[in-house]
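Q: First the structure, then my questions, so here it is.
FYI, it's all coordinate maths here, none of it is from the lab. A quick note: this is a predicted structure, and the numbers were derived from the prediction, not measured. Using ideal geometry, Cβ is built from the backbone for each residue, glycine included, and neighbour counts are taken over all protein chains shown.
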Amino acid sequence: MELSYWPKPLTFWGDAGMMEQVLVNLAVNARDACPTVVFLKITTALETRVPPPNDGATQAPAAATFVKLSVSDNVRESRRDSEQDF
């Protein structure tokens with residue numbers, strides 16, 4: 001397992017217990033899906049997204065910043081790494 005954290009602590013509004021359960025479920029599912037899983041990588045980052053312009057709007061939509069959690073594995077070399085963002 002490889003963990004790659006954002007350099008500074010990231011906070012979010014949410015249920016910490018539920019987030020922990022999501023991570024455990026993803027790890028267990030990866031293990032159960034294929035016993036040859038070489039690694040599981042969990043990454044956190046800060047991401048800013050700008051929504052597309054709204055037709056007819058007098059003001060441009062504001063950018064929003066999100067905490068990004070990525071989980072990827074390499075179940076098979078013939079398959080691209082799978083990734084889910086939350």
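Q: Please give, to one decimal in nm, the separation of the simple spin-label points placed at N54 and Y5, each 7 Å out from Cα toward the Cβ.
A: In this crude spin-label approximation the distance works out to 3.8 nm.
Q: Here is a further query. What number does segment 1-62 give for Rg over Rh if you use C-alpha atoms and the Kirkwood radius?
A: Looking at segment 1-62, the ratio lands at 1.17.
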